[in-house]
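These notes are about the structure you will find just below.
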Amino acid sequence: MRVRRDFPLSLKVKLSVLITSLVALAVLLVGFSLLGRQEQALTDAVTKRGLTMAANLAAGGKSALATNDDLALNILVKEAMHDRDVAYVVFADEKGIVHAHPDVTAIGRAVVRPAGLKPPGTALLVQKYKTAAGADTIDISVPLAFSKTPLGTLYLGTGAITAAVSQARNQAAVITAFMIVLGLGGAVALATLLARPIYRLMDATDAVAQGDFSVSVPVTTRDELGVLTESFNRMARSLREKEMIKRAFTRYVAREVVEEVLKDPEHAMLTGERREVTVLFCDIRGFTSLSERLTPEQVVSLLNEFYTLMIETVFKHDGTLDKFLGDAVMAVFGAPIGYPDHAARAVKTALDMRKAIAALAARRRAMGQDPFEVGIGLSLGEVVAGTVGTEERMEYTVIGDSVNVASRLQDRAKPGSILLTRRTYDAVRDVVDAKSLGAMKVKGKEEEVEVYEVRGLCAR
């Protein structure tokens, strides 16, 4: 189950806002730049067109102004005003008296010029000004002369700039808004695409935190997020393998020992190393004849009871359950975790085993079932401890002469008897009450082995 996280602003929202802001800023900058260029281009185009119109009007109005043909001049003005880009056309003589004007009431009066404009001279003059309504207008003053004799001036005003620029701005605004909306959609999609692997990693991290190490996140990108995802998957696999080792190993040793081993697994158990340990073998006496009197189900039940007691007592003293051998068990003390008192731990385990089996026998006897006893052998010595096997199947065990000796002592042990070697006894003589049984011939050994039988712990 995913752990709920409440963020003031999620990563997806932050990425969307950031990308949208960048897109909007870029679009606005480009839009303003293009609009400025378009405005200049429009001004140049209108000015060029106005100059062309002024040249044509000047050519047609010179003779009419020279002959005081005001009718012809006003016809020219009227025709020019049909062009919606033309704001005004005025013909004035050299004294500044109007001969033709869109407003007929202004004819015969002095020319009234917009404030701030320079007076016309002997050369063509192009000026730009704003009307009272705020419209940009280009004023073109063309001096009229005939055979170098001044006749007057043509004034032409074009007012299409404001409308054209306004239209361009509106178009730019629409395009900008469309680009921002498109950018917002793209930003949300991109943010979702970028955030999805992160959300998957968050969910997977929650799963790992809750102990699910089987989780694996698909690698969908070949960038830093992809590398992060692969690293997470490697971590999850490592944790999964570690957990598998832990679960498998807890069948043989106490969980506390597993935790200690996993702190440094390579040093503790994965490589074979020489160690001084104490090996313990415990076997059910008379098991063959006992199993002949029992049904298969009863045999299995008996073995399960026996194994349960053995495991509990071995783990109680931090031993390692090496293996089950039919009606016997093998345990090791001092590996994979070394203890200075491993021999004492092994002897105490043997005594607890004998006590637990005695209690089990009493219960079985009370229920009308056959009781049984065990024989135990212990041997202290140097072994090679580590994992053996193949990559497909491996197990932790110990190999050495002490293993064989402990097994042979268990074979020689009478029901309820605990036998140990002289070296083992020397290591526990301060805590164990034992008696010498003398030297015994042990199978697999050329020399006899001095054996001691444990009676109990020393009284303190």
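The values are calculated or read from the model by the stated rules, or taken from the named source; none is laboratory data. Because the structure is a prediction, the values reported are computed rather than measured. Positions of Cβ are generated from backbone atoms using ideal geometry, with glycine treated the same way; all protein chains shown enter the neighbour counts. Calculation scope for accessible area: heavy atoms of the full protein, side chains included, ligands and nucleic acids excluded. Shrake-Rupley method; radii C 1.70, N 1.55, O 1.52, S 1.80 Å.
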**Request:** Could you tell me which of the residues Val398, Val405, Val384 is in contact (Cβ under 8 Å) with a residue 24 or more places away in the chain, open to solvent by less than 80 Å² (accessible area, probe 1.4 Å), in contact with a Ser or Thr (Cβ under 7 Å, 6 or more places away or on another chain) and not polar (S, T, N, Q)?
**Result:** Val405
**Request:** Considering only region 108-168, give the strands (runs of 3 or more DSSP E) lying wholly within it that have at least 3 residues that are farther than 30 Å from Ser33 by Cβ and either open to solvent by 50 Å² or more (accessible area, probe 1.4 Å) or not β-branched (Val, Ile, Thr) (or both).
**Result:** 136-146, 149-158
**Request:** Tally the residues that are among the acidic types (Asp, Glu), open to solvent by 80 Å² or more (accessible area, probe 1.4 Å) and not in a helix (DSSP H, G or I), restricting the search to region 47-101.
**Result:** 1
**Item:** Selected residue (criterion: nearest to the chain's Cα centre (by Cα)) from residues of region 319-341 that are β-branched (Val, Ile, Thr) and open to solvent by less than 10 Å² (accessible area, probe 1.4 Å)
**Value:** Thr320
**Request:** Count, please, the residues in region 424-460 that happen to be more than 21 Å from Glu382 (Cβ to Cβ) and open to solvent by 70 Å² or more (accessible area, probe 1.4 Å).
**Result:** 7
**Message:** Tally up the residues in region 158-187 that are more than 30 Å from Val77 (Cα to Cα) and either modelled with pLDDT under 75 or not β-branched (Val, Ile, Thr) (or both), please.
**Reply:** 14
**Prompt:** Does Val219 qualify as being farther than 30 Å from Val46 by Cα, open to solvent by 40 Å² or more (accessible area, probe 1.4 Å) and in contact with a helix residue (DSSP H, G or I) (Cβ under 6 Å, 6 or more places away or on another chain)?
**Reply:** yes
**Message:** Pairs needed: first member in region 298-313, under 17 Å from Gly375 (Cα atoms) and open to solvent by less than 40 Å² (accessible area, probe 1.4 Å); second member anywhere, of a type in the set (Val, Ile, Thr) and part of a helix (DSSP H, G or I); C-beta distance under 7 Å; at least 6 residues apart or different chains.
**Reply:** Leu309/Ile357; Thr313/Thr349
**Prompt:** Can Ala344 be described as within 27 Å of Glu450 (Cα to Cα) and buried (at least 23 other Cβ atoms within 10 Å of the Cβ)?
**Reply:** no
**Prompt:** Somewhere in region 282-305, is a residue farther than 30 Å from Arg429 by Cβ, within 46 Å of the chain's Cα centre (by Cα) and at pLDDT below 95?
**Reply:** no
**Item:** Failed item in (1) at pLDDT below 85; (2) part of a loop (DSSP other than H, G, I, E, B); (3) open to solvent by 50 Å² or more (accessible area, probe 1.4 Å), with Ala41 passing the rest
**Value:** (2)
